[in-house]
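Here the structure is laid out as structure tokens; the discussion comes afterwards.
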Amino acid sequence: MSGALLRSPGVQTVWPACAGLAQAASIAWPGSGQAQGWLQVLSLTGLAAGLAGMTRASYAHPAGPGPLQRAAWFGGVFATAWLAGCFWWLYVSMHHVGGLSAPLAVLAVLALAAALALYYAAASAVWVSLARGLVAQQPGLASALFAALWTLAELMRGRWLTGFPWGAGGYAHVDGVLVAWAPWVGVYGVGALAAWLAMRLALAGWRWQALKPLIGVALVSWGLQTFGPVFTTSAGQAQVQLLQANISQTDKFQATSGVRDALQWYDEQLRSSREPLVVAPETAVPLLPQHLPEGYWGGLQKYFAQPDRPLALVGVPLGSLAEGYTNSVVALGPDEAVTYRYDKAHLVPFGEFMPPGFVWFIRMMNIPLGDFRSGGWHQASLAWQGQRLAPNVCYEDLFGEELAIRFKDPATAPTALVNVSNIAWFGDTLAVDQHLSISRLRAIELGRPMLRATNTGATAIIDHTGRVTDQLPRFTRGSLTGVFEGRHGLTPFARWAGAWGLWPLWGLCSALVVVAWWRRQR
């Protein structure tokens with residue numbers, strides 16, 4: 001494409017916007033909800049090709065914004081379209097549930113996407129600045145630089161200001177060939193590999209060389225998947241029952257409808273369960289125990305304290321005004337030693353705590369938002385029948401590096417993960433499919449089954465390879481009974497992320513940027 005055409009305002013906006021929307025669709029294809037790894041690489045190749053064009057001398061022009069400003073715009077438009085297209089369902093929670101006016105809800109989603117897109121805009125500008133002397137002579141280093149900068153942007157989005165990593169590019173590969181790398185390098189590493197591949201394809205153009213990176217990555221990925229070492233061993237099988245009440249978010253906290261319905265249905269299901277383990281989702285009991293009808297909570301505790309009763313994991317808010325409130329999972333069982341409680345550690349901004357300066361925004365919505373406190377990162381797993389169960393609450397399974405903290409000591413590492421969620425906030429949208437893919441990727445990264453008990457879906461049993469073995473129909477009321485197999489042993493990702501978090505990725509990507517800068521200076 002000529003420099004003049006690439007500089008035109010229409011191309012500068014429409015091209016990256018279309019590529020960004022394709023990236024959003026790759027995370028969960030509209031209609032089927034399936035991830036499309038090939039589309040993620042193709043969409044990122046479109047971005048990479050545009051940025052590569054900006055490094056050519058023919059692109060330079062004395063009038064108007066320079067290449068770096070245009071690169072920032074190009075990358076920013078791509079990321080804004082991608083992120084807004086990925087989590088547009090926040091509109092449902094703000095407008096349909098919260099009552100915020102439609103224009104303001106749309107503006108809020110776009111503002112969040114645009115703010116997060118600044119990381120990618122900066123990455124695009126820095127790449128064009130450093131890659132001018134590398135694209136022709138060292139395309140391999142230029143591609144590695146793009147992958148490093150893109151990954152740094154992903155890490156910043158996922159960690160800074162509490163982090164919001166929803167829709168990271170690596171999730172598009174949960175069913176693709178690149179997923180073979182997940183137990184080694186995690187979702188960000190998979191995304192880095194996809195970014196490297198995208199720039200290699202963009203720089204090779206339509207020449208034969210374009211096939212070389214595709215073939216090489218495919219062969220290595222196939223080898224990892226087929227002949228790679230087995231990192232985990234069986235910890236035995238167990239039966240589980242997962243509950244799904246399907247109570248809409250608009251009714252959930254209404255005393256005469258949702259609260260009454262939840263208390264009655266979950267009480268009946270918990271007491272009638274004959275499986276050794278039964279799990280109720282996040283805030284299945286929607287009130288603090290001291291605010292429940294007299295005898296309700298005590299009755300459940302007394303029932304499960306009897307011999308030959310199953311173990312129940314129940315989502316319930318706990319605490320008081322004096323000590324603070326927590327979004328918790330409580331264990332109810334026959335063993336007197338069962339006093340287990342997990343308090344959600346990674347809280348959702350605007351949903352579970354109010355960032356300073358945004359009280360005015362919260363007051364515009366009619367949503368019962370909590371001001372919770374974090375439970376901390378080093379909470380123990382629950383020992384049960386030879387297994388060690390590690391709960392996490394809803395949004396927490398976006399953060400694989402935080403779940404990996406529990407794997408720091410192999411002797412006490414979980415054998416199974418239990419996610420309790422309530423995504424009714426977002427209605428019947430792709431948020432359900434996206435969250436299921438996130439849980440599947442966590443299972444692959446850490447080599448553990450994931451048991452998902454949700455309010456409206458997707459309630460499912462996922463094995464340690466990321467395969468959904470059982471799933472309850474969404475937006476229906478019922479229970480899912482199935483078998484899961486716990487696992488011992490650590491994947492490479494669980495080992496290094498449990499010890500050092502994501503710092504190895506930060507360090508490696510930063511080192512690549514320094515090397516590229518040094519070569520550029522020479």
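The values are calculated or read from the model by the stated rules, or taken from the named source; none is laboratory data. All values reported here derive from a predicted model rather than from experimental measurement. All Cβ positions, even for glycine, are placed from backbone atoms using ideal geometry, and neighbour counts span all protein chains on display.
Overview of results
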item	result
Pairs where the first residue, in the stretch 172-198, is on the phi < 0 side of the Ramachandran plot and the second is among the acidic types (Asp, Glu) and at pLDDT 95 or above, C-beta under 7 Å, 6+ apart	Ala182/Glu445; Pro183/Glu445; Val187/Glu445; Tyr188/Glu154; Gly191/Glu154
Flag for Arg157 being touching a residue at least 40 places away in the same chain (Cβ under 8 Å) and closer than 21 Å to Val185 by Cβ	yes
Residue count, the stretch 501-522 (criterion: surrounded by fewer than 20 Cβ atoms within 10 Å (Cβ to Cβ) and either at positive phi or part of a loop (DSSP other than H, G, I, E, B) (or both))	2
Single match in Ala84, Ala4, Ala35 (criterion: in a helix (DSSP H, G or I) and either modelled with pLDDT of 95 or more or buried (at least 23 other Cβ atoms within 10 Å of the Cβ) (or both))	Ala84
Close pairs from the stretch 243-259: first under 22 Å from Leu90 (Cβ atoms), partner surrounded by fewer than 19 Cβ atoms within 10 Å (Cβ to Cβ) and not charged (D, E, K, R), Cβ under 7 Å, at least 6 apart	Asn246/Phe475; Asn246/Thr476; Asp251/Ser257; Phe253/Pro368
Segments classed as helices (runs of 4 or more DSSP H), wholly inside the stretch 164-273, with at least 1 members that are surrounded by 21 or more Cβ atoms within 10 Å (Cβ to Cβ) and not assigned by TED's automatic domain parsing to the domain that holds Ile462	182-204
Total residues in the stretch 415-433, condition under 25 Å from Ala494 (Cβ atoms) and surrounded by fewer than 24 Cβ atoms within 10 Å (Cβ to Cβ)	0
Residue within the stretch 312-319 that is assigned by TED's automatic domain parsing to the domain that holds Trp425 and assigned to a helix (DSSP H, G or I) present	no
Some residue of the stretch 393-401 being part of a strand (DSSP E or B), more than 12 Å from the chain's Cα centre (by Cα) and either modelled with pLDDT of 95 or more or small (Gly, Ala, Ser) (or both)	yes
Residues located in the stretch 322-345, provided they are part of a loop (DSSP other than H, G, I, E, B), of a type in the set (A, V, I, L, M, F, W, C), within 31 Å of the chain's Cα centre (by Cα) and more than 14 Å from Glu396 (Cα to Cα)	Val338
Residues of the stretch 483-500 satisfying the condition of being surrounded by fewer than 17 Cβ atoms within 10 Å (Cβ to Cβ), over 21 Å from Val187 (Cβ atoms) and of a type in the set (Gly, Ala, Ser)	none
Residue in the stretch 501-511 that is more than 26 Å from Leu446 (Cα to Cα) and either in the same structural domain as Gly140 (by TED's automatic domain parsing) or under 23 Å from the mean Cα position of the chain (by Cα) (or both) present	yes
Test: Val348 is under 17 Å from the mean Cα position of the chain (by Cα), at pLDDT 95 or above and either β-branched (Val, Ile, Thr) or not assigned by TED's automatic domain parsing to the domain that holds Met450 (or both)	no
Condition broken by Met156, with the remaining ones in (1) over 18 Å from Ala79 (Cα atoms); (2) part of a helix (DSSP H, G or I); (3) under 25 Å from the mean Cα position of the chain (by Cα) satisfied	(1)
Matching entry among Ile462, Ile438 (being of a type in the set (Val, Ile, Thr) and without any contact (Cβ under 8 Å) to a residue 60 or more places away in the chain)	Ile462
Count - residues of the stretch 125-163 that are buried (at least 22 other Cβ atoms within 10 Å of the Cβ) and polar (S, T, N, Q)	2
Condition check for Gly386: touching a Gly at 6+ places or on another chain (Cβ under 7 Å), more than 25 Å from Arg157 (Cα to Cα) and in the same structural domain as Thr326 (by TED's automatic domain parsing)	yes
Test result for Val420, outside any helix (DSSP H, G or I), among the β-branched types (Val, Ile, Thr) and assigned by TED's automatic domain parsing to the domain that holds Ala262	yes
Unmet requirement for Met94, which otherwise passes all of (1) touching a Ser or Thr at 6+ places or on another chain (Cβ under 7 Å); (2) at pLDDT below 95	(1)
